[in-house]
Ligand code: UGA
């Protein structure tokens, strides 16, 4: 059955949600507050790097099922469902700033038709479904939590082929109507109360971040005892209770979600009287991981006055997003130690950091460098001409923070090579 859906906020969650729902056959209006964004999107020009999203946006526009509009209140008048997909940035104290969410709820309230359901997809602290209800002051409109589990770079695939859909509501009928929007998707759909749905989102991200900090900590142990982390993790992952996914060691984890959500769950727990010491440890291990990578570089070259090539600036491959990027966390530490960083990323054209210059290609980044750091796991970096790089660098040192390169091939060219968790 076709429903009319308004999506408030055309960021990567809102835009993916809107485009995918229109692909599933619903009529969707996406609203945003930035006029240029709305104008570009209306022409099928997608401002973010997200596999398959442009195709779905163009498909939606051409079929007449997807349109874009400036301002939330104009978009909701006819809507059966209103998805709130606005940002919930981190405040100074680590908690989530809910002002965008409350403002959006207050703005749309008077314009909603009777029988509409408001759905919250923004990542919000437990209890926020209630806050949205309070901001709307409409006892006739149910508010449902439907957290997103989309990864940047594969958001479209994750939406259309999810591991699960979680719906939180005290209103069973409203929950059932939201569940029906996903009829074209094959996945377990679970309905629970709002607090459990909201907690599920934080708990999932916190657990994944824990898995990664554990992986990086095991990598440190492997370095200390002379084991190879790749083999250790492979051996662990065969245990079905552990699994192979999300066990890649790296320079630390980052992005717009894990750092924010990890701090938020610590703050939520604290507000309710629980000291989430485990999670504090997970964050500390991650900060230490950035320092560990910097120490590896400092062990092969004097950082003061050095030129360091950095391949990869995005927080992971497949995206142009540099928010809380581990690459930049490492770069800023190198700059603080007196080095200049020449960075290259296939998807990133500029970064605002003194001491870091973004250059046009990988070879330009290596020119005259005292060491090379592989910071993001782009496939392109596997196929670089190592001889050309060796000829252009001032000193031949590689710190491969993603264990991406063929270390034998690297060493054969006379480079010193350090990976993460293996010699
Ligand atoms: C993450 C979650 O994976 C999604 O399920 C969730 O919906 C999303 O946050 C969100 O809350 O919106 P995302 O931030 O796109 O998705 O990134 P991930 O793919 O999870 O990667 C996070 C970080 O961990 C990156 O820096 C990545 O390089 C690192 N990572 C990931 C590793 O170092 N090793 C791995 O094995 C996997």
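The values are calculated or read from the model by the stated rules, or taken from the named source; none is laboratory data. Since the model is a prediction, treat every value here as computed from it, not as a measurement. For neighbour counting, all protein chains shown are included, and Cβ atoms are generated from backbone atoms with ideal geometry for every residue, glycine included.
Values computed for the structure shown
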quantity: Meets criteria (surrounded by fewer than 22 Cβ atoms within 10 Å (Cβ to Cβ) and away from the ligand (no atom under 16 Å from the Cβ)) for residue 323; calculated: no
quantity: Selection count where residues are touching a strand residue (DSSP E or B) at 6+ places or on another chain (Cβ under 7 Å) and closer than 18 Å to residue 24 by Cβ, scope region 147-165; calculated: 2
quantity: Any hit, region 4-13, residues being assigned to a helix (DSSP H, G or I) and either crowded, with 24+ Cβ neighbours inside 10 Å or in the same structural domain as residue 116 (by TED's automatic domain parsing) (or both); calculated: yes
quantity: Residue 96 touching a helix residue (DSSP H, G or I) at 6+ places or on another chain (Cβ under 6 Å) and within 16 Å of the ligand (Cβ to nearest atom); calculated: yes
quantity: Selected residue [modelled with pLDDT of 95 or more and surrounded by fewer than 21 Cβ atoms within 10 Å (Cβ to Cβ)] from 368, 312, 318, 343; calculated: 368
quantity: Sole exception among (1) modelled with pLDDT of 95 or more; (2) more than 23 Å from the chain's Cα centre (by Cα) for residue 146, by number; calculated: (2)
quantity: Check on residue 254, in contact (Cβ under 8 Å) with a residue 24 or more places away in the chain and not in a helix (DSSP H, G or I); calculated: yes
quantity: Number of positions in region 212-228 that are within 16 Å of the ligand (Cβ to nearest atom) and either farther than 24 Å from residue 280 by Cα or not in a helix (DSSP H, G or I) (or both); calculated: 0
quantity: Residue list for region 389-416, filter: within 30 Å of the chain's Cα centre (by Cα) and under 10 Å from residue 372 (Cβ atoms); calculated: 398, 399, 400, 405
quantity: Subset tally (residues that are in contact with a strand residue (DSSP E or B) (Cβ under 6 Å, 6 or more places away or on another chain), over 18 Å from residue 256 (Cα atoms) and surrounded by fewer than 18 Cβ atoms within 10 Å (Cβ to Cβ)) for region 346-357; calculated: 2
quantity: Filter result for residue 187 (farther than 17 Å from residue 83 by Cα, in contact (Cβ under 8 Å) with a residue 40 or more places away in the chain, within 16 Å of the ligand (Cβ to nearest atom) and surrounded by fewer than 18 Cβ atoms within 10 Å (Cβ to Cβ)); calculated: no
quantity: Region 117-135: number of residues that are surrounded by fewer than 22 Cβ atoms within 10 Å (Cβ to Cβ) and more than 16 Å from the ligand (Cβ to nearest atom); calculated: 6
quantity: Filter result for the condition that a residue is more than 9 Å from the ligand (Cβ to nearest atom), at negative phi and without any contact (Cβ under 8 Å) to a residue 40 or more places away in the chain, over 160, 234, 181, 247; calculated: 234
quantity: Given (1) buried (at least 17 other Cβ atoms within 10 Å of the Cβ); (2) within 23 Å of the chain's Cα centre (by Cα); (3) on the phi < 0 side of the Ramachandran plot, index of the condition residue 153 fails; calculated: (3)
quantity: Hits in region 23-45 (condition: in a helix (DSSP H, G or I), touching a strand residue (DSSP E or B) at 6+ places or on another chain (Cβ under 7 Å) and closer than 24 Å to residue 256 by Cβ); calculated: 35, 38, 41
quantity: Boolean, residue 270 is over 25 Å from the mean Cα position of the chain (by Cα), assigned by TED's automatic domain parsing to the domain that holds residue 335 and either over 30 Å from residue 50 (Cβ atoms) or not in a loop (DSSP other than H, G, I, E, B) (or both); calculated: no
quantity: Condition met for residue 376 (crowded, with 22+ Cβ neighbours inside 10 Å, in contact (Cβ under 8 Å) with a residue 12 or more places away in the chain and touching a strand residue (DSSP E or B) at 6+ places or on another chain (Cβ under 8 Å)); calculated: yes
quantity: The lone exception for residue 265 - which of (1) assigned to a helix (DSSP H, G or I); (2) at pLDDT 95 or above; (3) within 16 Å of the ligand (Cβ to nearest atom) it fails; calculated: (2)
quantity: Answer from 70, 112, 66 - the residue that is touching a strand residue (DSSP E or B) at 6+ places or on another chain (Cβ under 9 Å) and under 22 Å from residue 159 (Cα atoms); calculated: 66
quantity: Helices (runs of 4 or more DSSP H) enclosed by region 343-423 - at least 2 residues per element that are farther than 28 Å from residue 217 by Cα; calculated: 362-366, 386-392
quantity: First in region 61-77 and over 23 Å from residue 114 (Cβ atoms), second anywhere and part of a helix (DSSP H, G or I), Cβ under 6 Å, 6 or more apart; calculated: 65/22; 66/22; 66/60; 68/38; 68/41; 68/42; 70/35; 70/38
